[in-house]
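One structure is given below, encoded as structure tokens.
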Amino acid sequence: MIEFRNIGKSYDGVRAIDNLNLHIAQGELVVFIGPSGSGKSTALKMINRMIDHDQGRILLEGREIYSFDVRELRRRMGYAIQSVGLFPHWTVERNIATVPQLLGWPRERISQRVSELLTLFGMAPEQFRQRYPHQLSGGQQQRVGVARALAADPAVLLMDEPFGALDPVTRAALQLELKRVHQSSGKTIVLVTHDIDEALLLADRIVLLNHGQVVQVASPLALLSNPADDFVLDFVGRADLGIKLLSLQPVAPLLRQQRAPAGAPTLAEAATLREALATLAMHRTSVLSVVNPQQQVLGSLHAADIFAPR
Ligand code: ADP
Ligand code: MG
């Protein structure tokens, strides 16, 4: 879908991105992560030509991005940023409708699309469409920013720390919403963050950058189980690496067929091993009863199995 081939970019002779090679597949959610100044935003903004690269080629669906008319290129890509960038004197509706309006969609269709997106992000359309940005909370503004990026149904969504300035609760809610949108729409999403937990939660693949160079490209599980070097290890958090690994692993493979003793605490089958561990610790026990959403018992989970070599 998006391919970086030997991409380089310097600012005033200083390398910001050095020989980046990466192929992002259709429907993939790729996260660029790294310390401040590592080149994440530069890498992202080269995709829609907000920044010009000076070496190599970037292809969109096999076509050089410079062979597109730049407006056409950007229409194919929704773009959402941390500072939101909503137009303050425009209503929520008009903000969301920016690109559809440019594309000349009929009024009916635009109005319908705005309702659909507001609903998707848990904002009642009749309550919010006529409001102005200053009449929204920070979290609602961020939602409108992401809704605007999605409005014309672009194939690609580019997001630069879209949840950066939010409180942890709102942030977690929006992360889950994004995950849902990604799973249901199959869109290709490229997201920049410096928050490793956000990357672990959302990414199909994580691209870890340092000083403009790729340090490691891996799935969340592979990154944690096989960190390439000490930099990666420090970045993912040496101390709680084990806990983070558990949070990426489902209960299912460790499920035993036989039932837990009567009175054992229950655990949802969709839970992660991290949640299993927390439940075990909270109840000071060593066996849990694993149940499906209908509360039917599926089997048991034993603490010893979590710690056994696999
Ligand atoms: P990140 O998003 O990872 O924080 P950036 O991609 O914004 O990093 O920046 C990468 C490097 O390029 C940094 O050293 C930054 O100072 C430099 N840089 C970014 N934009 C410019 C610019 N417009 N002019 C000069 N240097 C820049
Ligand atoms: Mg940045």
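Scanning the stretch 70-83 for any residue that is surrounded by 21 or more Cβ atoms within 10 Å (Cβ to Cβ) and within 16 Å of ligand 1 (Cβ to nearest atom) turns up at least one such residue. When the residues of the stretch 165-178 are filtered to those that are part of a loop (DSSP other than H, G, I, E, B) and open to solvent by 30 Å² or more (accessible area, probe 1.4 Å), the one that is farthest from ligand 2 (Cβ to nearest atom) is ASP167.
Within the stretch 182-197, the residues that satisfy the criterion of being in a helix (DSSP H, G or I) and either surrounded by fewer than 19 Cβ atoms within 10 Å (Cβ to Cβ) or within 16 Å of ligand 2 (Cβ to nearest atom) (or both) are GLN183, SER184, SER185, ILE196, ASP197. So LYS9 passes all but one of these: (1) modelled with pLDDT under 95; (2) within 16 Å of ligand 2 (Cβ to nearest atom). Which condition number does it fail? Result: LYS9 fails condition (1) only. In a residue-by-residue description of the stretch 92-114, the property of being within 30 Å of ARG5 (Cβ to Cβ) and free of Cβ contacts under 8 Å to residues at least 12 places away in the same chain applies to no position.
Of the listed requirements (1) away from ligand 1 (no atom under 16 Å from the Cβ); (2) in contact (Cβ under 8 Å) with a residue 24 or more places away in the chain; (3) open to solvent by 40 Å² or more (accessible area, probe 1.4 Å), ASP54 misses just one: (1).
Highlighted here are the helices (runs of 4 or more DSSP H) found entirely within the stretch 198-290 that include at least 1 residues which are aliphatic (A, V, I, L, M) and open to solvent by 50 Å² or more (accessible area, probe 1.4 Å): 220-225, 241-247, 273-283. The residues of the stretch 129-139 that are open to solvent by 60 Å² or more (accessible area, probe 1.4 Å) and in contact with a Phe, Trp or Tyr (Cβ under 8 Å, 6 or more places away or on another chain) amount to a single one, TYR132. Annotation for the stretch 292-304: at least one member residue is more than 20 Å from the chain's Cα centre (by Cα), closer than 25 Å to VAL169 by Cβ and either crowded, with 18+ Cβ neighbours inside 10 Å or not assigned by the TED database to the domain that holds ASP54 (or both). Search the stretch 190-209 for residues that are over 22 Å from ASP230 (Cβ atoms) and within 12 Å of ligand 1 (Cβ to nearest atom) and pair each with any residue that is assigned to a strand (DSSP E or B) and not hydrophobic (A, V, I, L, M, F, W, C) when their beta-carbon atoms are under 7 Å apart and the residues are at least 6 apart or on different chains. That search, which allows pairs on different chains as well, returns VAL192/ASP160. Among the residues of the stretch 103-128, those that are under 26 Å from the mean Cα position of the chain (by Cα) and open to solvent by less than 70 Å² (accessible area, probe 1.4 Å) comprise ARG113, VAL114, SER115, LEU117, LEU118, LEU120, PHE121, GLY122, MET123, ALA124, PRO125, PHE128.
Selection of the stretch 262-283 for residues being modelled with pLDDT under 95 and over 32 Å from the mean Cα position of the chain (by Cα) yields ALA262, GLY263.
The values are calculated or read from the model by the stated rules, or taken from the named source; none is laboratory data. Just so it is clear, the model here is predicted, and its values are computed rather than measured. Every residue, glycine as well, gets a Cβ built from its backbone with ideal geometry; the counts of neighbours run over all protein chains shown. Accessible surface is based on the protein model in full, side chains and every heavy atom, while ligands, DNA and RNA are left aside. Shrake-Rupley method; radii C 1.70, N 1.55, O 1.52, S 1.80 Å.
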